[in-house]
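K.L.:
Structure provided below as structure tokens; questions to follow.
The values are calculated or read from the model by the stated rules, or taken from the named source; none is laboratory data. If you're wondering where the values come from, they're calculated on a predicted model, not measured in any experiment. A quick note on method: Cβ atoms are made from the backbone with ideal geometry, for glycine too, and the neighbour counts reach across all protein chains shown. For the accessible areas, the whole protein counts, side chains as well, though only heavy atoms, and no ligand, DNA or RNA atoms are used. Shrake-Rupley method; radii C 1.70, N 1.55, O 1.52, S 1.80 Å.
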Amino acid sequence: MGSRNVIIFGSQWGDEGKGKIVDWLTESVGGVVRFQGGHNAGHTLVIGGRKQVLRLIPSGMLRPDVICYIGNGVVVSPEALTKEIDELKASGVDPEPRLRVSGSCPLILPSHVALDQAREARRGNAKIGTTGRGIGPAYEDKVARRAVRVNDLRDPAGFRARVTDLMEYHNFLLTKYYGAEALDPNAVADEVLGYSDRILPMVHDVPALLAAAMARGENLLFEGAQGVLLDVDHGTYPFVTSSNCSAGAAAAGAGVGPGALHFVLGIVKAYTTRVGGGPFPTELSDAIGARLAEKGNEFGSVTGRPRRCGWIDAPALKRAIQLNGVGGLCITKLDVLDGLERVKLCVGYEVDGERVDLLPFGAEAVARCEPVYEEMPGWSENTFGLTDYDALPTNARRYIERISTLVGAPIDIVSTGPDRDQTILLRHPFA
Ligand code: IMP
């Protein structure tokens, strides 16, 4: 049989619970591929009750035998990568033999982190609320064709010269524009080169390996990070991340042809969250928002920041489905809504007196959207950990089915808890 390849992406502002679903689906694949973002992502997995946060390493790593690929579209911090490897080793998983890193990945340097943080400080109240990991500045350097990349580590003298050149520019910005401290280029080169011996053995021609895996008939899972509303082109710009987080990025960011990608699974939280700045039409600043945050443990897995919480937003989901060619949805964290007397769904927006049913582009347009809600009765029963759709309370099923109707996409999976087994399967994406 030929290989079947599935893309998983976040259909809101990230933190939809993609990591758990990727890990769960990894049973059906030979490899998991990251294609954009960096260690701004935080994928929390719970296996047998034990929690593991992955940032840069694909969420397939916890299954023995699965190969994990970091594609060229990912920005790599050598420090973060080696730290994550060591954390995994400490918990009994050895990622090195199963990790394949593209030599074309741009490197995140300490000066990118300094620039990210200096820039946010200067923006004051208008700050993006970035994760402060240097993601944006690293992507800027990539597009400006001045990045240092993983393969450059192979030639230490050349690497040092490139870093020195690049840091002349970074230090100019840091000191003259942001009034921050300069960094010593030699110290930065030494620090990054210090990781070479650990990173270079994992560097491969990722597109060639993916082509070979597909030729062998292996299934692949392409793991998106962040969410489509944080996509640099389609999100709530400028309150976005610096990469394309939509499904279309999988081909370019991994080095496979679009024809090799067969199915797109959108992950949707049963409500909505956002971390960082930017407009959020269905945000709740009341006791219900606080309850969702508490029950859903809505704190950033990378930065620990509290996440903003609100009702589910159908016009935003419709946009996500349109932009990503979604074949099916997976609803996560349904149990967080257990016990609410009533639940609300945003079914459209009022914008300057007109009714709109699709999220507009850009922060300014989204900020003008006043949500229009539909109310449904909630359910008092516990859905946590259920594995059978028919065991769900009738009102919970009605809620899920209403979402499906409003957004025009089938619900294929319902996640009822963080553990692998706490999953209801209606249609398998690899079937
Ligand atoms: P950056 O990606 O660090 O530049 O941050 C840009 C925006 O994306 C900020 O609002 C971050 O909070 C948000 N962001 C980045 N990565 C994630 C993620 O994995 N989950 C949720 N939000 C994220």
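K.L.:
Once the piece of chain linking residue 299 and residue 165 is laid out straight, how much longer is it, given 0.36 nm per residue of separation minus the C-alpha distance between them?
P.N.:
Extending this stretch completely gives an extra 44.4 nm.
K.L.:
Can you give the angle from 0 to 90° between the axis of helix 314-324 and the longest principal axis of the chain, with both taken from C-alpha atoms, to the nearest 10?
P.N.:
50
K.L.:
Shifting gears a bit: Calculate what fraction, in whole %, of the accessible area of the chain sits on carbon and sulfur atoms when a 1.4 Å probe is rolled over the protein chains. List each step's numbers first, then the result.
P.N.:
Values: 8400 of 16760 Å².
Whole-percent figure for carbon plus sulfur exposure: 50.
K.L.:
Return the subset of 142/318; 18/89; 51/318 for which the Cα-Cα distance in this structure is over 30 Å, preserving the input order. Walk me through the intermediate numbers first.
P.N.:
Details: 142/318 32 Å; 18/89 23 Å; 51/318 32 Å.
The pairs that break the limit, which is 30 Å between Cα atoms, are 142/318; 51/318.
K.L.:
If the chain between residue 90 and residue 65 were fully stretched, how many nm would it gain, using 0.36 nm times the residue separation less the Cα-Cα distance? Intermediate values should be presented prior to the final figure.
P.N.:
Numbers: separation 25, 0.36 × 25 = 9.00 nm, distance 1.88 nm.
Value of the extension gain: 7.1 nm.
K.L.:
Still on this structure: Can you work out the Karplus-derived ³J(HN,Hα) for every residue in region 222-231? Use 6.51 cos²θ - 1.76 cosθ + 1.60 with θ = phi - 60°, whole Hz, and x for glycine or proline.
P.N.:
Per-residue couplings from phi come out as 9, 9, x, 10, 6, x, 5, 6, 9, 5 Hz.
K.L.:
Per residue, how much accessible surface does region 1-49 expose to a 1.4 Å probe? Answer in Å², no decimals. It would help to have the intermediate numbers written out before the result.
P.N.:
Working: 1090 Å² over 49 residues.
It amounts to 22 Å² per residue over region 1-49.
K.L.:
Another question, if that's okay. Probe radius 1.4 Å, ligands and nucleic acids left out: which of 89, 269 has the largest accessible area, and how do the rest follow? Please list the in-between numbers first.
P.N.:
Details: 89 85, 269 0 Å².
Correct descending sequence by accessible area is 89, 269.
K.L.:
Under the classification rounded if a/c is under 1.5, otherwise prolate if a/b is larger than b/c and oblate if not, where does region 1-61 fall, given a ≥ b ≥ c as square roots of the Cα gyration tensor eigenvalues? List each step's numbers first, then the result.
P.N.:
Values: a/c = 1.75, a/b = 1.25, b/c = 1.40.
The shape class here is oblate.
K.L.:
Would you mind working out the accessible area per residue for region 110-197, using a 1.4 Å probe, and quoting it in Å²? Mind dumping the intermediate values first?
P.N.:
On the way: 4760 Å² over 88 residues.
On a per-residue basis, region 110-197 sits at 54 Å².
K.L.:
Now a separate question. Which residue, 91, 380, 77, has the most motion in a Gaussian network model of the chain that connects Cα atoms within less than 10 Å?
P.N.:
Looking only at 91, 380, 77, the largest GNM fluctuation is found for 91.
K.L.:
Sorted by packing (mean other beta-carbon atoms within 10 Å per residue), highest first, where do 241-251, 419-429, 8-18, 383-393 land? Kindly include the intermediate steps, with their values, before the conclusion.
P.N.:
Values: 241-251: 25.8, 419-429: 16.6, 8-18: 27.4, 383-393: 14.7.
Result, highest mean Cβ count within 10 Å first: 8-18, 241-251, 419-429, 383-393.
K.L.:
So how do 172, 35, 430 rank on accessible area, 1.4 Å probe, biggest first, that is with the largest at the start? Don't skip to the end; give the middle numbers.
P.N.:
Working: 172 120, 35 0, 430 25 Å².
So the residues, ranked largest to smallest area, are 172, 430, 35.
K.L.:
Next question, about the same structure. Which is farthest toward the positive dipole end of region 277-431 among 393, 413, 282, measuring Cα position about the Cα centre, with Cβ charges +1 (Lys, Arg) and -1 (Asp, Glu)?
P.N.:
So the residue we want is 413.
K.L.:
Here's something else I'd like to know. What FRET efficiency comes out for the pair residue 216/residue 391, r = Cβ-Cβ distance, R0 = 30 Å, nearest 0.05?
P.N.:
Working: r = 39 Å, r/R0 = 1.30.
FRET efficiency, residue 216 to residue 391: 0.15.
K.L.:
Still on this structure, I have one more. May I ask you to give the solvent-accessible area per residue for region 243-314, in square angstrom, as obtained with a 1.4 angstrom probe?
P.N.:
Working: 2360 Å² over 72 residues.
Per-residue accessible area for region 243-314 comes out at 33 Å².
K.L.:
Let me ask something else. Taking the 0 to 90 degree range and rounding to the nearest ten, how far is the long axis of helix 394-407 tilted relative to the main principal axis of the chain, both from C-alpha atoms?
P.N.:
60
K.L.:
To continue, here is another question. Placing +1 at every Lys and Arg Cβ and -1 at every Asp and Glu Cβ, with all other atoms neutral, what dipole size does the chain have around its Cα centre, in debye to the nearest 20?
P.N.:
Working: 46 positive and 52 negative charges, 68 e Å.
Computed charge dipole of the chain: roughly 320 debye.
K.L.:
Now for a separate question. When the Cα centres of region 388-431 and region 266-310 are compared, how far apart do they sit, in Å?
P.N.:
When both Cα centres are located, 21 Å separates them.
K.L.:
A further question on this structure: Work out, step by step, the length gained on full extension between residue 370 and residue 384: first 0.36 nm times the residue separation, then minus their alpha carbon distance; give nm to one decimal.
P.N.:
1.8 nm
K.L.:
If you place +1 on the Cβ of every Lys and Arg and -1 on the Cβ of every Asp and Glu, how big does the dipole about the Cα centre of region 110-197 come out, in debye to the nearest 20? Numbers along the way, then the final one.
P.N.:
Details: 13 positive and 13 negative charges, 94 e Å.
Approximately 460 debye in magnitude.
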